[in-house]
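K.L.:
Shown below is the structure under consideration.
Readers should treat all values here as calculations from the given coordinates under stated rules, not as data from a laboratory. In this text, all values refer to a predicted model and were calculated from it rather than measured experimentally. Glycine gets a Cβ as well: all are built from the backbone with ideal geometry, and neighbour counts include every protein chain shown.
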Amino acid sequence: MSPLSARAQQVQDALRALDVDAEVRELPASTRTAAEAAAALACEQRQIAKSLLFRTRDSHRGVLVVASGTNRVSERAVEELVGEPVQLAHPDFVKETTGYAVGGVPPFGHAHAIEILIDEDLMVLDLLWAAAGTPHAVFPLTPGQLRHITRGRVAAIV
C-alpha cells in the first residue's frame, strides 16, 4: 500500500487521535461528488456522507451539513436549525473555514470551530463513507462514529 498524501494522512492521524478505527483510502477515481464516490466505491450513493458548508448571512459563520449523498439539503431547514438565513459557501470560504478544498472536506477536524448538522437519514445505515482531505480520499465509518467525531446535531435537513 502506498503512503497517503499529506492531506489524507492528516485525516488518518486525526481519526487515530480520536480512537476511531477507520482506514483512509486514496482512490484513482475522483470522489469529489457523491455520485463519483459511490461509483468509485461500488456502494449506494445514499451511503456517501457528503460535507456541504453553508455560510450564515448575518453572522458570517460556517455551518457544515453532513448529508446523505442522495439528499438535497433544504436551505430553509438549515436556516430554521441555525436561526438565520444561510447560503452555500463560496469555495474560498470553504477552504478558509475548514482547511480543505471543496470535494475533500472531511466531516471533522476543521481549521475553525463550526456548527455541524448531521442528516438524520444517515443514522439508519450500517456503513457510511466520508471525504478524507482530498477529492480522491475517503474513509468508512458508522453513524455512531460520525456522531462521535463531529459532535454534530442530528436533524431533518431535507
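K.L.:
How high is the relative contact order of the chain, in percent, counting Cα pairs under 8 Å that sit 6 or more residues apart?
P.N.:
27
K.L.:
Please give me the summed charge of the neighbours of L81: other residues whose Cβ is under 11 Å from its Cβ, Lys and Arg +1, Asp and Glu -1.
P.N.:
Combined, the nearby Lys, Arg, Asp and Glu give -3.
K.L.:
Taking the Cα centre of each part, how many Å lie between region 23-65 and region 92-134?
P.N.:
That distance is 7 Å.
K.L.:
Out of the trypsin sites (Lys or Arg not before Pro) in region 1-63, which ones are loop residues according to DSSP with at most 15 other C-beta atoms within 10 Å? Working shown, then result.
P.N.:
On the way: sites: R7, R16, R25, R32, R46, K50, R55, R57, R61; in loops: R32, R57, R61.
Sparse-neighbourhood loop trypsin sites (Lys or Arg not before Pro): R57.
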